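Quick notes on the structure that follows.
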Amino acid sequence: MTTLARAAVLESAGEAAVIRELELAEPREGEVRIRMLAAGVCHSDLHVRDGDWERPTPIVMGHEGAGVVEAVGPGVTTHRVGQLVALSWLVPCGTCRSCVQGRTWACPDSPSYRHTLPDGATAFRTPGGEPVRSYCAIATMAEASVVSAAAAIVMPDGTDPAVAALIGCCVTTGVGAVLKTAAVPPGASVAVVGLGGVGLSCVMGAAVAGAARIVAIDRVASKLDAARGVGATDGLLAGDDPDATVAALRDLTDGGPDFVFEAIGRAPTAELAIAALPQGGTAVLVGMTPLGDRASFDVYPLVDGSRRILGSNYGFAEPAIDFPRYAAWALEGRLPVERLIDRWIELDGLEDAFAAMRRGEHTRQVITFG
Ligand SMILES: [Zn+2]
Ligand SMILES: [Zn+2]
C-alpha cells in the first residue's frame, strides 16, 4: 500500500518550490509515519530554496514541523499511533568524535545531513518512480512524512501543534543558545540582533534566564513590539550605520551588553555583535550565513578584554530532553511561543512566504495542513 502526500518540492536550487503529489513509502523497522499538522517557514529554508547552501535535489523541503503518529514500522515500541510529536532535524550518528564526547548537536556525520533515512533510502518518490529526498530527513513541508523514530519526539499532552513545530527548530535554536550555549546568568544584560523566530526565541530564553536587560534590535519597528511582547525590556531600531547602532546599544547597557546574540546569519551583523561587546562580553553567533561568508574583528581588544565568540548550532539541543522541557514551559506560559506566529498559510503559499521573508516581513509564518 502506498500513501500519497502533497509536498513542497525543490527540483532545482534557485527555482520556485513546486507542490507535487508524491508517493510515500510505508514505515519500516525503526521508522514512523507522521501526518503533519504544522510546519514553520524558517530562514534556513530560504537559504536552501535560493541555493545559498548546496543541497541535493529533488528534495521535499521543510525542517520545522509537528504532527501525529499515523503508523509505526514493525517492532517500533517507542511510539503509538495518535501521539503528537515534534520533529528533530538532527539525529546524531552516535559514533563520531562529537557524539562520543556528548556534543551530539555538533555531529557532522548525522544521516539527517544526507537527507535520507538512515540506510540511505528515500521515503518519497514521484509517481514515475524517481526518488525524492527529505530535507534533514524529516521533510516537514508535506502532508505526511516517514521519518526515523528517533527524530519524532513525543510532546506533553495539551501542546499546541504549531508550538510543537516551532520547538523543532527556532525555539530550540534560540532558547538553547541562551540557556545552554551561553548559560546566561540572572541579572545579565543581553542584546539580540534580528527578530525572526530564532531571535525572538533568544529574547524568550533571556527572559527565562532572568536577564535584567534585554535589548531587541531590528530594522523593522513592528518586530520590536513583538520582542517586547515576549520579554524584551528595550527595543532598538537599527538604521544603515552599524556604528550608530553599537553606540546606542552601549548607551542602553552601561557600556555594552554582557551577551550579544546574532540571529540573522549575516557577516556584517556578526561583526556588529562582536564590536558591541564590553570587556568580558560574549558574542553568540546563532544565525546561519551563506556558505563561504567571512567576518572580521579587531583581535587586540578581543584578547585584552577577554571577550568571547561562540558558535551555537541548534541551541546545543538534546531533543529528547529539551523538546518536552520547552513544551512544558510553553504550557506554563514561561515561553509564549504562540506569539512568534504572525501569519498562517497553506502549502501553496510557500513561495509567497519566501518573498515576504526576503522583504524582512513577519516573525514566523506557519503552514497548516487542512
Ligand atoms: Zn530552522
Ligand atoms: Zn555523530
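The values are calculated or read from the model by the stated rules, or taken from the named source; none is laboratory data. Computed from a prediction, not measured in an experiment: that's the story for all the values here. Heads up, the Cβs are rebuilt from the backbone with ideal geometry, glycines too, and the neighbour counts pull from every protein chain shown. With ligands, DNA and RNA removed, areas are computed over all heavy atoms of the protein, side chains included. Shrake-Rupley method; radii C 1.70, N 1.55, O 1.52, S 1.80 Å.
Helical runs (DSSP H, four residues minimum) scored at -39500 (n - 2.57) apiece and divided by the length of the chain put the mean residue ellipticity at 222 nm at -7500 deg cm²/dmol. Extent of region 124-232 along its three principal axes (Cα atoms, max minus min coordinate, largest first): 57, 30, 26 Å. Ellipsoid semi-axes for region 78-123, based on the Cα gyration tensor and the rule √(5λ), read 22, 15, 9 Å when sorted largest first. When peptides 9-21, 230-242 are ranked by their average number of other Cβ atoms within 10 Å per residue, the highest-first order is 230-242, 9-21. Ranked by the mean number of other Cβ atoms within 10 Å of their residues, highest first, the peptides 72-83, 247-258 fall in the order 247-258, 72-83. For region 236-370, which semi-axes, largest first and in whole Å, follow from the square roots of 5 times the eigenvalues of its Cα gyration tensor? Rounded to whole Å, the semi-axes are 31, 20, 15. Rg ratio for region 171-315: its Cα radius of gyration over 2.2 N^0.38 Å, N being its residue count, equals 0.91.
Shown is the FRET efficiency for GLU54 and ASP225, computed with R0 = 41 Å from the Cβ-Cβ distance and rounded to the nearest 0.05: 0.65. Of the complete DSSP H runs in the chain, none spans 30 angstrom or more by Cα along the long axis with a mean Kyte-Doolittle score not below 1.6.
With protein chains left intact and a 1.4 Å probe, residues in region 171-315 average 39 Å² of accessible area per residue.
The alpha carbons of region 30-169 stretch over 42, 38, 31 Å along the principal axes, in descending order. Which whole-number percent of Cα pairs in the chain have a distance greater than 39 Å? Considering the chain, 13 percent of its Cα-Cα pairs are separated by more than 39 Å. For region 1-102, pairs of C-alpha atoms spaced more than 24 angstrom apart make up 36 percent of the total. Accessible surface of the chain, 1.4 Å probe: 51 percent of it comes from carbon and sulfur atoms.
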